[in-house]
Amino acid sequence: MALEITVHGHSCDLALHPVSEKTAKRITEKGFDIYSDTPLEWWRRGKTATWGMKIDANCYVNTTLNGEPVEFDMAAITRDPLKLRRRMYLDSKARYICVLGFDNELCRFSWHWDDVDTFDPDHLQFMTHQWDRIMNESDYYILDEVLYEDKFADRHDLCEASGFTLLPPRIIDLNDVRKEWGLPVR
């Protein structure tokens, strides 16, 4: 049997970059114009980019087995979010990080598994990032990947992407976050 999970909503393409105090000031002064300083794609480079679906009130999830709808509790997507990146820069020497990207591109992501014997929603695993503190918004979840029975999907589809607006660059002073969490200030 074929299992498919399709998520309709807003896709996110966000990145975190450690920046110096001088660069933080320059980004603050330039605002949106910082995106045009170098080729548009520069802000996506590095290991801190997150690309996925924003899980919010505008998000819709459809789950089918052999084309027939199956019951699925959408709350499972945000039940156990990944917070690994949360401390990535807090334990470093970095003082500032900059958040760049977008989170409002209308899109559809699908994950397809072939040869599924039966559907058990408890066998789904969601790699969901929680970026509340980074985006300064409660319940800010980004669905990055879905596994079924510990297996990645046989196929991924990204469809119907249409338009986005870049977010204003956001500078986060990591010393403020360190103080908030009772960590040593660097």
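The values are calculated or read from the model by the stated rules, or taken from the named source; none is laboratory data. Computed from a predicted model, the values in this text were never measured in an experiment. Here the Cβ positions follow ideal geometry from the backbone for every residue, glycine too, while neighbour counts run over all protein chains shown. When the accessible area is computed, the model is the full protein with side chains, heavy atoms only, and any ligands, DNA or RNA have been set aside. Shrake-Rupley method; radii C 1.70, N 1.55, O 1.52, S 1.80 Å.
When Asp91 is tested against (1) part of a strand (DSSP E or B); (2) farther than 15 Å from Asp56 by Cβ, only condition (1) is not met. Can we say Phe126 is within 17 Å of the chain's Cα centre (by Cα), buried (at least 17 other Cβ atoms within 10 Å of the Cβ) and assigned to a strand (DSSP E or B)? Here the answer is yes, as Phe126 does meet what is asked. For the stretch 136-175, filtered to residues that are hydrophobic (A, V, I, L, M, F, W, C) and farther than 24 Å from Cys98 by Cβ, the residue that is most open to solvent (accessible area, probe 1.4 Å) is Phe152.
Would you mind finding the one in Arg178, Arg186 that is charged (D, E, K, R), open to solvent by less than 40 Å² (accessible area, probe 1.4 Å) and out of contact with any strand residue (DSSP E or B) (no Cβ under 6 Å at 6 or more places or on another chain)? Arg178 is the lone residue from the list that is charged (D, E, K, R), open to solvent by less than 40 Å² (accessible area, probe 1.4 Å) and out of contact with any strand residue (DSSP E or B) (no Cβ under 6 Å at 6 or more places or on another chain).
Residues that are in contact with an Asp or Glu (Cβ under 9 Å, 6 or more places away or on another chain) and among the acidic types (Asp, Glu) were ranked within the stretch 124-155; the one that is nearest to Leu3 (Cα to Cα) is Asp154. Determine whether Phe109 is at pLDDT 90 or above and surrounded by 15 or more Cβ atoms within 10 Å (Cβ to Cβ). When the stated conditions are applied, Phe109 passes them.
In the stretch 133-159, which residues are closer than 18 Å to Asn58 by Cα, part of a strand (DSSP E or B), in contact (Cβ under 8 Å) with a residue 60 or more places away in the chain and not aliphatic (A, V, I, L, M)? Passing the criteria: Tyr141, Asp144. Filtering the stretch 36-84 down to residues that are polar (S, T, N, Q), closer than 22 Å to Cys107 by Cα and open to solvent by 50 Å² or more (accessible area, probe 1.4 Å), which residue is modelled with the highest pLDDT? This residue is Asn62.
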